[in-house]
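The values are calculated or read from the model by the stated rules, or taken from the named source; none is laboratory data. The model shown is predicted, which means the values in this text are computed figures rather than measured ones. Reconstructed Cβ throughout: ideal geometry from the backbone, glycine too, with neighbour counts over all protein chains shown.
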Amino acid sequence: MKLNTLIALTASLLFSAAPLAAQEKSVNPGINDSFRDPDPQTFTERFEVESREVFAKRKEIVRQLGLQSGMVIADVGAGTGLFTREFAAGLGKDGRVIAVDISENFLKHIQLTCRERGLLNVDTLLCSDDSTKLPEQSVDVVFICDTYHHFEFPGKTMASVKRALKPGGRLYVIDFHRIEGRTREWTMNHVRAGQEVFEAEICAEGFRRVREVEGVLVENYMLVFEHENSENREQK
């Protein structure tokens, strides 16, 4: 690694490791403009297609979560409800899924599509730009897929995630690799930082990385976190 690259990476990690909860300015202004009043059908055609890696690999992604009957899972940045419906079908009537999003249009779409499929174990929650709005210690699992890079106030948002997790709860984060010379141009321009920076930001808010799920995704990475003070640690 070249010296100037190492210095830049070190600086970005040090910056990201500082607590972000006090941030008052958006880290990526305007990133969510297209989700203020979206057309769910347009985004369904864009998100729920085989050419999108997380859609093509959705069954394996869900298996990696090891969901059990009775669990409550929050799908943060639920969008068109792709994973909300997968989780709801897998958990059965004894489990609950909370679809969290900043768009009422998406949440209404999720309610409709879940009813059409007979999935009655789904709730929806309208969040804000800096908080999931999830109640304290209300969920066993938080799932964030291709959404972390859309957080305008990542510190505050992740602080709300930590509060929402029950003791021993787990956080799963999927986002795009952002590697100069390897990642496609659209991703380089759209995603503000790479895996190392996002990991550092999350850990700065009181999470411990447990492991990275390997052998499932190529364009994306999948990370597992737990509370920094969790007593029920997964084996790395």
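Quick check on residue 51: is it among the hydroxyl-bearing types (Ser, Thr, Tyr), under 22 Å from residue 153 (Cβ atoms) and out of contact with any His (no Cβ under 8 Å at 6 or more places or on another chain)?
no
Just one of (1) of a type in the set (S, T, N, Q); (2) modelled with pLDDT of 95 or more; (3) touching an Asp or Glu at 6+ places or on another chain (Cβ under 9 Å); (4) not in a helix (DSSP H, G or I) trips up residue 51, so point out which.
(3)
Counting only residues that are basic (Lys, Arg) and touching a Leu at 6+ places or on another chain (Cβ under 8 Å), which one in segment 48-87 is surrounded by the fewest Cβ atoms within 10 Å (Cβ to Cβ)?
The extreme case among them is 58.
Determine which single condition residue 230 fails, assuming it passes every other condition in (1) among the small types (Gly, Ala, Ser); (2) buried (at least 17 other Cβ atoms within 10 Å of the Cβ); (3) modelled with pLDDT of 95 or more.
(3)
Could you count how many residues in segment 139-155 are more than 15 Å from residue 77 (Cα to Cα) and surrounded by fewer than 24 Cβ atoms within 10 Å (Cβ to Cβ)?
2
So residue 144 fits all but one of (1) touching a Lys or Arg at 6+ places or on another chain (Cβ under 6 Å); (2) touching a residue at least 60 places away in the same chain (Cβ under 8 Å); what number is the exception?
Tallying (1) touching a Lys or Arg at 6+ places or on another chain (Cβ under 6 Å); (2) touching a residue at least 60 places away in the same chain (Cβ under 8 Å), residue 144 fails exactly one: (1).
In segment 90-122, how many are surrounded by 16 or more Cβ atoms within 10 Å (Cβ to Cβ) and not in a helix (DSSP H, G or I)?
Looking only at that region, the number is 12.
If you take the residues of segment 54-74 that are touching a strand residue (DSSP E or B) at 6+ places or on another chain (Cβ under 7 Å) and part of a loop (DSSP other than H, G, I, E, B), which of them is modelled with the highest pLDDT?
By that ranking, first place goes to 71.
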